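What follows is a short report on a single structure.
A short reminder: the numbers here are calculations on the coordinates, not readings from a lab. Because the structure is a prediction, the values reported are computed rather than measured. Every residue, glycine as well, gets a Cβ built from its backbone with ideal geometry; the counts of neighbours run over all protein chains shown.
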């Protein structure tokens, strides 16, 4: 890969999206975010997982976007009721190996948990880790982000514009996230 390849748009058409949750406590957020994705990607699907093994299996289905709701515990570990677990770094590696372009952990989790388990440095994928959703604001932000990509903007440009709206010095309605745009030149259509 040459230097200029980093600036070349990577257009994905027919984007495959999965909005999923481990457990059932995020039902309302799943419905809200899935509704937004379906506006742009009619084939977007939702899933409720009961085990980490099911999450691992879903990651391998070659989705372009994985929008997941799960509790990340201390040490950056995601655990199911049976005690099966996956670290954030293992999830990132599995997603990269499956060709995921955007992995978004969409519910509130502590910064310390992300810092401990989600090592994004050098990861060739866009990663968004939510600290505070701020209610329905995440769905509104997601709509703004996807609208910009539908117009042909790269993810990094769309993210920059959506997270820093022109004319607003303070953005109280933007969800608090940690983002790593390791594949920011992608356009998801």
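Given contacts defined as C-alpha pairs under 8 Å and at least six residues apart, what's the relative contact order of segment 119-189, whole-number percent?
The value is 54 percent.
Does segment 40-88 come out rounded, prolate or oblate, given a ≥ b ≥ c as the square roots of the eigenvalues of its C-alpha gyration tensor, rounded meaning a/c under 1.5 and, failing that, prolate meaning a/b above b/c?
prolate
From largest to smallest, what semi-axes in whole angstrom does the chain give when each is the square root of 5 times an eigenvalue of its alpha carbon gyration tensor?
24, 19, 17
Return 166, 112 ranked ascending by Cβ neighbour count within 10 Å, so the fewest neighbours appear first.
By the 10 Å Cβ count, ascending: 166, 112.
Got the relative contact order for the chain handy, in percent, Cα pairs under 8 Å and 6 or more residues apart? Intermediate results must be reported in sequence, preceding the final value.
Values: 370 pairs, mean separation 44.8, N = 189.
Worked out over the chain, it gives 24 percent.
Mind checking the angle between helix 137-150 and the chain's longest principal axis? C-alpha axes, 0 to 90 degrees, to the nearest 10.
50 degrees
For the chain, what is the calculated [θ] at 222 nm in deg cm²/dmol (nearest 500), taking -39500 (n - 2.57) for each run of four or more DSSP H residues and dividing by its residue count?
-9500 deg cm²/dmol
Report, to the nearest 10°, how far helix 88-97 tilts away from the longest principal axis of the Cα atoms in the chain, using its own Cα long axis and a range of 0 to 90°.
60 degrees
Under 1.5 on a/c is rounded, so check that first for segment 11-60, then, if it is not, pick prolate when a/b is larger than b/c and oblate when it is not; a ≥ b ≥ c are the square roots of the alpha carbon gyration tensor eigenvalues.
It is oblate, given that a/c is not under 1.5 and a/b is not larger than b/c.
With each label point set 7 Å from Cα along the Cα-Cβ vector, what nm distance links residue 27 and residue 47?
Computed distance between label sites residue 27 and residue 47 equals 2.1 nm.
Please compute the contact order of segment 1-70 in relative form: average sequence separation of alpha-carbon pairs under 8 Å and at least six residues apart, divided by the residue count, as a percent.
It comes to 46 percent, rounded to a whole number.
Quick one: if the Förster radius is 22 Å, what FRET efficiency do residue 82 and residue 13 give, using the C-beta to C-beta distance and rounding to 0.05?
That pair, residue 82 with residue 13, gives E of 0.05.
So for segment 88-189, what percent of the C-alpha to C-alpha distances run longer than 20 Å?
Tail of P(r) above 20 Å: 39 percent of Cα pairs.
Please arrange 176, 67, 29 by counting, for each residue, the other beta carbons lying within 10 Å of its beta carbon, fewest first. Don't skip to the answer; put the middle values down first.
Values: 176 14, 67 25, 29 22.
The order, fewest Cβ neighbours first, is 176, 29, 67.
Taking only the C-alpha atoms, wrap a convex hull around segment 18-122 and report its volume per residue in Å³ as a whole number. Mind dumping the intermediate values first?
Values: hull volume 9.8 nm³, N = 105.
Spelled out: Cα convex hull of segment 18-122, divided by residues, is 93 Å³.
Counting other beta carbons within 10 Å of each residue's own, what order do 143, 27 fall into, fewest first?
Ranked by crowding around the Cβ, least crowded first: 27, 143.
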